[in-house]
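Shown next, in structure tokens, is the structure this report addresses.
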Amino acid sequence: MYRGVMIIGEQRGGELHPVTYELLARGRALADKLSEELSCVVLGHDMERFAEGIIQRGADVVYIVDNPLLRNFLPRPYTSVLTRLAKEVKPEIVLAAATTQGRTIMPLVAAKLDTGLTADCTGLDIDPLDRSLLQTRPAIGGNVMATIKTPASRPQMATVRPKSTKPLSADKARSGRVVLKSYEKDMFTTCEELVRFVKDATQDVNVQDADIVVSGGKGLKTRDNFCMIEELASLFGAAVGATRDVVDLGWVGYPHQIGLSGKTVSPKLYIALGLSGSVQHLAGMQTSETIVAINKDPDAQIFKVADFGIVGDLFDVVPELIEKLKERKNGKLRREG
Ligand SMILES: Cc1cc2nc3c(=O)[nH]c(=O)nc-3n(C[C@H](O)[C@H](O)[C@H](O)COP(=O)(O)OP(=O)(O)OC[C@H]3O[C@@H](n4cnc5c(N)ncnc54)[C@H](O)[C@@H]3O)c2cc1C
């Protein structure tokens, strides 16, 4: 009998990765709909200290598999442990983040468990008719959203796009169980070896962690005009985002691309300038807390998701905005001086 929802927590360098809290929010919503328990698995060494925080963010049970050999992510031992645990606990649903780790491990575990896997979901729900997991993700080049079910096998497995959910706030009154699991040594033996970490320099552009993102589209017309976006972003202390068309034109690099084939962001403030709001772009930013759009076309799709919209020519609006921000900044500096 398969019951409950399990999420795979993620750690990097011995620290719990915040994507774990996003997964807990997803898992909690599904577990509540099923009236079942939510469990979270953490593999690593010396990770027990995170268990309380995991419970406060929504878990009923935390499974800690502690071993020095799990300190770094290696696919084989991680696959062996997660497969074994899934066989013991028998969750109905298993979720992981669509990160490098999640994307590597989940197909391996799904194959070992002889079940299906839906990768890169943006939406998850429970079918009220048969309690099965509804797994929604963009399909056919992002032109449709497909909802996929796993009718015949269990567990139902999915990876979830990071930044597509807001974590729950910590509830100190929540209580749960911590289960320490240990396994025989041969579970951890592998021919894989971590040689060294090489930092991906493209990840220095961290639009995903920024509180404010200022994004520009093809409406800026030229690379030189795109400097306005960069100036505005620097005045706001924001990260620079862009549409795919802008990246294809070579105005900024791929790490800035927001959307289906770029990054998903969920900042406090997203400012969209001269971009139409294609379905592929919206897929990467529509969970932003507040969206401000400037576009000269009143029918632009971006206004459908915007909280505040300015219908106007960005070449009039943005320079004025930059001037006002500079005045405010200089005024503040004078007062401080
Ligand atoms: C498989 C696939 C994956 C994709 N992935 C992504 C992705 O990850 N991210 C992404 O962004 N796109 C993606 N796309 C591309 C997407 O379909 C659109 O082509 C793209 O988002 C449009 O970019 P844009 O808004 O900059 O340009 P446009 O759609 O051309 O919009 C330009 C906008 O600027 C406005 N404008 C023009 N001049 C002014 C002015 N002076 N003042 C104010 N407004 C002005 C116009 O009214 C218009 O709305 C993908 C497409 C496919 C098929």
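Taking the stretch 124-146 as the range and being in a strand (DSSP E or B), touching a residue at least 24 places away in the same chain (Cβ under 8 Å) and either among the charged types (D, E, K, R) or away from the ligand (no atom under 16 Å from the Cβ) (or both) as the test, the residues that pass are Leu124, Asp125, Ile126, Leu133. Could you tell me whether the stretch 154-174 includes any residue that is out of contact with any Cys (no Cβ under 8 Å at 6 or more places or on another chain), in a strand (DSSP E or B), assigned by TED's automatic domain parsing to the domain that holds Thr83 and closer than 18 Å to Ala31 by Cβ? Among the residues of the stretch 154-174, at least one is out of contact with any Cys (no Cβ under 8 Å at 6 or more places or on another chain), in a strand (DSSP E or B), assigned by TED's automatic domain parsing to the domain that holds Thr83 and closer than 18 Å to Ala31 by Cβ, which makes the answer yes.
From Arg28, Arg49, Arg57, Arg71, which residue is among the basic types (Lys, Arg) and modelled with pLDDT under 95?
Values: Arg28 fails: modelled with pLDDT under 95; Arg49 fails: modelled with pLDDT under 95; Arg57 fails: modelled with pLDDT under 95.
After ruling out the rest, the residue left standing is Arg71.
Scanning for something under 28 Å from Ser169 (Cα atoms) and assigned to a helix (DSSP H, G or I), does the stretch 60-72 turn up at least one residue? The answer is no; no qualifying residue exists. Restricted to the stretch 230-253, and to residues there that are in a helix (DSSP H, G or I) and more than 10 Å from the ligand (Cβ to nearest atom), the residue that is farthest from Asn330 (Cα to Cα) is Glu230. Do we find that Ala96 is assigned to a strand (DSSP E or B), away from the ligand (no atom under 16 Å from the Cβ) and touching a residue at least 12 places away in the same chain (Cβ under 8 Å) in this structure? So Ala96 fits the description; yes.
In the condition set (1) within 14 Å of Thr159 (Cα to Cα); (2) surrounded by fewer than 17 Cβ atoms within 10 Å (Cβ to Cβ), Glu88 is compliant with all but (1). Checked against the criterion of being within 18 Å of Ile310 (Cβ to Cβ) and within 7 Å of the ligand (Cβ to nearest atom), the stretch 283-295 has at least one qualifying residue. For the stretch 32-51: of the residues being out of contact with any helix residue (DSSP H, G or I) (no Cβ under 7 Å at 6 or more places or on another chain) and in contact (Cβ under 8 Å) with a residue 24 or more places away in the chain, which is surrounded by the most Cβ atoms within 10 Å (Cβ to Cβ)? Applying the filter and picking the extreme gives Ala51.
Listed here are the residues, each with its yes/no results for (1) over 18 Å from Glu92 (Cβ atoms); (2) out of contact with any helix residue (DSSP H, G or I) (no Cβ under 6 Å at 6 or more places or on another chain); (3) touching a residue at least 40 places away in the same chain (Cβ under 8 Å).
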{"residue": "Gly4", "(1), (2), (3)": "no, yes, yes"}
{"residue": "Glu10", "(1), (2), (3)": "yes, no, yes"}
{"residue": "Leu24", "(1), (2), (3)": "no, yes, yes"}
{"residue": "Gly53", "(1), (2), (3)": "yes, yes, yes"}
{"residue": "Asp60", "(1), (2), (3)": "no, yes, yes"}
{"residue": "Asn72", "(1), (2), (3)": "yes, yes, yes"}
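Only one of the numbered conditions (1) among the hydrophobic types (A, V, I, L, M, F, W, C); (2) within 10 Å of the ligand (Cβ to nearest atom); (3) farther than 20 Å from Ala283 by Cα is not met by Cys227, and that is (2). When the stretch 284-301 is filtered for residues that are surrounded by 22 or more Cβ atoms within 10 Å (Cβ to Cβ) and within 21 Å of the chain's Cα centre (by Cα), the ones remaining, listed by number, are Gly284, Met285, Ser288, Ile291. From the list Gly241, Gly284, Gly216, the one residue that fits, being in contact with a strand residue (DSSP E or B) (Cβ under 6 Å, 6 or more places away or on another chain), touching a residue at least 12 places away in the same chain (Cβ under 8 Å) and within 17 Å of Phe315 (Cβ to Cβ), is Gly216. From the list Leu273, Leu269, the lone residue that is away from the ligand (no atom under 12 Å from the Cβ) and within 12 Å of Val214 (Cα to Cα) is Leu269. Against the test of being of a type in the set (Asp, Glu), over 18 Å from Arg28 (Cα atoms) and either without any contact (Cβ under 8 Å) to a residue 40 or more places away in the chain or not assigned by TED's automatic domain parsing to the domain that holds Lys181 (or both), the options Asp120, Asp114 yield a single qualifying residue, Asp114.
The values are calculated or read from the model by the stated rules, or taken from the named source; none is laboratory data. Everything quoted here is computed from the prediction, not taken from an experiment. As a convention, Cβ positions derive from the backbone with ideal geometry for all residues, glycine included, and neighbour counts pool all protein chains shown.
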